[in-house]
1. Taking a threshold of 19 Å on the Cα-Cα distance, which of the pairs Lys75/Lys131; Lys51/Lys136; Lys74/Lys136; Lys47/Lys136; Lys60/Lys136 fall above it?
2. Taking neighbour Cβ counts within 10 Å as the exposure measure, how do Thr174, Thr156 sort from fewest upward?
3. With an 8 Å cut-off on Cα pairs and a minimum separation of 6 or more residues, tell me the relative contact order of region 52-185 in percent.
4. Binning at 5 angstrom from zero up to the longest distance, how are the C-alpha pair distances of region 59-105 distributed in percent?
5. Please give the length that would be gained between Cys88 and Thr156 if that part of the chain were fully extended, namely 0.36 nm times their separation in residues minus their C-alpha to C-alpha distance (nm, one decimal).
6. Order by neighbour count: Cys239, Cys166, fewest other Cβ atoms within 10 Å first, most last.
Amino acid sequence: MSKMWSLKLTLTVATTLTISAIRANTDNFSISFNSPEVSPHAAERIKSQIKVVVSKLPPKMMGRIGGNISIQFKKMDEKNQLDVYNICEAGPHILAYTRPLSSHPTIVINDAFLALFNGFDTVSPIPCSHKDLYQKFQSLIIHELSHIYEARAPLTESEKSELQNCQIFRQESTMPDPRCEYLQSLNRFVSSRISFQKLSRARKNALSTRSPDPYELRSPEENFAVNMEYFILDPEFRCRRPAYYKF
Ligand SMILES: [Zn+2]
């Protein structure tokens with residue numbers, strides 16, 4: 001039988017995590033963790049890390065994602081198993097993934113991270129990307145949630161009415177309109193917005209030496225997800241990247 005728990009933003013969680021009433025309107029957002037192979041002790045510790053993530057997520061993000069997101073662990077490296085305690089020198093490994101366009105997305109995390117929860121409960125600082133291994137674990141969840149959030153980004157009211165005009169225009173004309181095509185693409189991704197791309201480091205390779213995670217230079221989507229990790233986890237983000245913070 002599988003052990004299943006669900007973290008909902010109910011009153012109980014709100015008291016233990018001091019989540020204010022502002023987040024009550026996002027109570028349809030939940031994260032569930034379903035992993036029969038994980039010991040109850042490790043599962044408790046994973047749950048508390050997920051709770052930390054949920055307590056840090058912007059309410060707008062949870063509201064837009066809505067519904068339930070499940071988290072699973074999976075063996076990802078058959079030959080060259082990742083050693084999380086050596087993650088900064090480990091070379092390329094898939095750490096986590098999701099299918100953001102699925103109606104019930106699952107965040108799949110490399111099971112090498114279970115080592116953090118099976119051993120002693122010690123904070124291990126790391127010299128790359130995030131502060132320590134617990135934060136690195138939290139960042140994986142935030143990164144994948146950002147992809148899901150992106151995939152659900154709705155249009156603003158004025159963009160919606162413009163898009164309606166586009167549909168009328170399309171019936172009257174056979175010529176494609178670049179603005180209409182752009183608006184149609186916005187239905188999906190925040191990072192496809194021109195305003196975000198102007199900001200995006202993906203276009204500014206010259207700055208790559210200052211990047212905390214070069215993965216952000218891969219595409220606008222990765223740039224968005226990596227910056228969300230730091231936006232949520234790093235209190236100094238506002239000073240280091242004020243333009244992103246405002247976005
Ligand atoms: Zn990604």
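Quick note: the coordinates plus some simple rules give every number you see, no bench work behind them. It should be emphasised that the depicted structure is a prediction, and the values quoted were computed from it without experimental measurement. Every residue, glycine as well, gets a Cβ built from its backbone with ideal geometry; the counts of neighbours run over all protein chains shown.
1. Lys75/Lys131; Lys60/Lys136
2. So the residues, fewest neighbours to most, are Thr174, Thr156.
3. Relative contact order, region 52-185: 24 percent.
4. Histogramming region 59-105 at 5 Å steps yields 4, 15, 21, 17, 13, 12, 14, 4, 0 percent.
5. Using 0.36 nm per residue and subtracting the Cα-Cα distance, I get 20.5 nm.
6. Neighbour counts put them in this order, fewest first: Cys239, Cys166.
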